[in-house]
1. Give me the orientation-averaged projected area of the Cα convex hull of the stretch 94-222, in nm², one decimal.
2. In Å², and per residue, what accessible area does the stretch 111-173 have when probed at 1.4 Å with the other protein chains present?
3. Could you give each residue of the stretch 140-145 its phi-based ³J(HN,Hα) in whole Hz, using Karplus coefficients 6.51, -1.76, 1.60 with θ = phi - 60°, and x for Gly or Pro?
4. Probe 1.4 Å, all protein chains in place: accessible area of S61 in Å², nearest 10?
5. Skip the ligands, DNA and RNA, and give the accessible area per residue of the stretch 41-103 with a 1.4 Å probe, whole Å².
6. In the stretch 202-261, what percent of the accessible surface is made up of carbon and sulfur (1.4 Å probe, ligands and nucleic acids excluded)?
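The values are calculated or read from the model by the stated rules, or taken from the named source; none is laboratory data. The structure displayed is predicted, hence computed values, not measured ones. In case anyone asks, the SASA skips ligands and DNA or RNA and just uses the protein heavy atoms, side chains included. Shrake-Rupley method; radii C 1.70, N 1.55, O 1.52, S 1.80 Å.
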Amino acid sequence: MRIARDPGSAEMLLPSTGLLLRRGLAAAAGLCLLTAAQAQAPACARLQPAQGRQPAYAPASDPPRCEGFFERNVSQPFLELVSLTRAPPGSLAADAQGRLALRGLAGLDLQLTIQPLRSTPLYRVDAALPRGATLHWNAGPMLASTRLSLRDLGLLARAEPAGEVPALAPVGASEGEAEQTAYAVLRPSVAISAIAWRAYRLGQAPGAWQELAGPPLFAWERIALPMPRPADGRGQRIDVRALDAQGQPLPLLQFIVLGPQDDKP
């Protein structure tokens, strides 16, 4: 490169400008690499890893995820949703290598949580479930660590970003699963005397409460809730109310069940 002799000329600045440009491009490339790495990093829940149990809840790879034992902190009685699938609870099946092929929605990125349907052991897996993709997850390490079987596992897939009311997609785990019904598994932290639920579209008046047959339930006992899905493939909101053994209400459980035609939470 030819450089002008006059130190005050514009041409004299070219080498310095080129150096700054190269440094800027390098920094931008580094930022892109960092962003890509962060985008593929597992989204870990705010859990306290278990002390003295292995594996403790922490990031893992192949596929990128967070997995392991954690500590529970229960502050008040509650009713929780521990699984939402396209097939009835207990029907999971793995391939010859012990892997599950898990699918969400074609139009939304999801965050998948795999956890025991039972109250113990406290073990959890969190992984990304990208739109239109299939996650191949080896259940062997979790089953070996927890001494559970596939029928003991619950699956939850949440849409991001998370809203005030969580939006979830029923998880598919085998080919040819019907879209007409979603199966929720509910679990109370205290004894329950009654449970009722209702489904409705956002912006519309809630439907009538329907009593769920089965209670009373013991603390941490599970109950399945089959929910018919709208024929147009769109989502609906679900409310679930429960009464404890003394007839006192627990906090209302609310969530959105996304449909196959939904492309936003």
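1. 9.7
2. I get 39 Å² per residue for the stretch 111-173.
3. After applying 6.51 cos²θ - 1.76 cosθ + 1.60, I find x, x, 5, 5, 5, 6 Hz.
4. Using a 1.4 Å probe on the heavy atoms, I get roughly 80 Å².
5. That works out to 57 Å² for each residue.
6. Accessible surface attributable to carbon and sulfur in the stretch 202-261 totals 54 percent.
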